Amino acid sequence: MADAFPTTQSIWLRHRIDDDAVAARAHVMTRYFEPLCAYARASANLRALGEPAELVNAFFAARLADSSYLLRWTSSDLALRHWLANGLLIHSRNCALAARRRGTRQETVSIDELDRTSRLRPSDHETDALLALERRWAVRTVTEAHEQIRAELESDGHASWWELFRLHTIQGKTYAEACAITGVPLTSASGTHRQVVDRLRAALVARLEREGIRPSDIDGELSLLQDLLES
């Protein structure tokens with residue numbers, strides 16, 4: 001996993017875009033397909049245009065084939081999930097518009113040109129759709145971080161540390177109860193738990209930086225993750 005999470009997280013995807021565009025596209029499609037489908041599923045406007053998975057796949061096929069699309073994101077000052085939600089909404093709307101023009105006016109309309117000239121207002125995004133996007137993104141982000149740290153601890157021979165964390169934090173057991181199950185000494189339970197929490201936080205920060213979140217906004221995004229998972 002070491003090469004997947006370099007120190008310079010904020011430029012990881014930019015390097016992939018420059019050096020291995022295929023890997024960059026694969027990362028984006030794997031990471032954001034489900035959140036974007038959740039967005040489309042919760043959007044009344046997009047549901048009227050087609051099946052969520054079909055809309056997302058069509059958007060990926062059209063936009064990620066353009067090598068400049070992800071490069072433009074790197075200078076947009078937007079989180080990648082928001083950049084992609086904007087793109088999905090614009091592209092889906094413009095595909096429908098182009099189809100109507102071809103049907104009623106017999107016009108040949110370029111989707112690329114429509115996409116380049118379209119502008120979004122904040123009100124164009126439906127609240128329920130944005131919330132669905134954020135929730136699905138939060139679940140995926142935290143799940144991936146948990147799986148990474150669990151695998152690392154197991155590889156290091158510390159599977160009991162993860163089990164202590166899971167029992168105490170997720171299941172709500174006391175340290176005494178968790179230690180009796182895992183065999184971790186009660187005297188070291190708090191310190192062991194803190195080490196797991198710190199490693200999880202670092203894994204989450206790495207993912208947020210990769211998405212383009214600025215260092216000054218990291219704490220706010222971590223709080224958002226927690227709020228979304230508790231709501």
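The values are calculated or read from the model by the stated rules, or taken from the named source; none is laboratory data. This structure is a prediction, so every number in the text was calculated from the model and none was measured. Counting neighbours? That spans all protein chains shown, and the Cβs are built from the backbone with ideal geometry, glycine included.
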Item to check | Scope segment 173-222; condition more than 15 Å from the chain's Cα centre (by Cα) and of a type in the set (Gly, Ala, Ser); matching residues | outcome: 176, 178, 180, 183, 188, 189, 190, 191, 202, 216, 220
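Does residue 136 satisfy the condition of being part of a helix (DSSP H, G or I), within 30 Å of residue 204 (Cβ to Cβ) and modelled with pLDDT of 95 or more?
Yes.
Surrounded by fewer than 18 Cβ atoms within 10 Å (Cβ to Cβ) and more than 17 Å from the chain's Cα centre (by Cα): which single residue out of 61, 53 fits that description?
Numbers: 53 fails: more than 17 Å from the chain's Cα centre (by Cα).
61 is the lone residue from the list that is surrounded by fewer than 18 Cβ atoms within 10 Å (Cβ to Cβ) and more than 17 Å from the chain's Cα centre (by Cα).
Taking the conditions exactly as written (closer than 25 Å to residue 38 by Cβ and modelled with pLDDT of 95 or more), does residue 145 satisfy them or not?
Yes, satisfied.
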Checklist outcome for this item: Counting only helices (runs of 4 or more DSSP H) entirely within segment 15-83, those with at least 2 residues that are out of contact with any Phe, Trp or Tyr (no Cβ under 6 Å at 6 or more places or on another chain) and under 19 Å from residue 134 (Cβ atoms) are 21-42, 44-47, 52-63
Checklist entry - Is it the case that residue 143 is more than 30 Å from residue 86 (Cα to Cα), free of Cβ contacts under 8 Å to residues at least 60 places away in the same chain and β-branched (Val, Ile, Thr)? => result no
Next on the checklist: Quick check on my filter: what residues within segment 64-85 are surrounded by fewer than 21 Cβ atoms within 10 Å (Cβ to Cβ) and either farther than 20 Å from residue 220 by Cβ or outside the structural domain of residue 19 (by TED's automatic domain parsing) (or both)?
Outcome noted: 64, 65, 66, 67, 68, 69, 71, 72, 74, 75
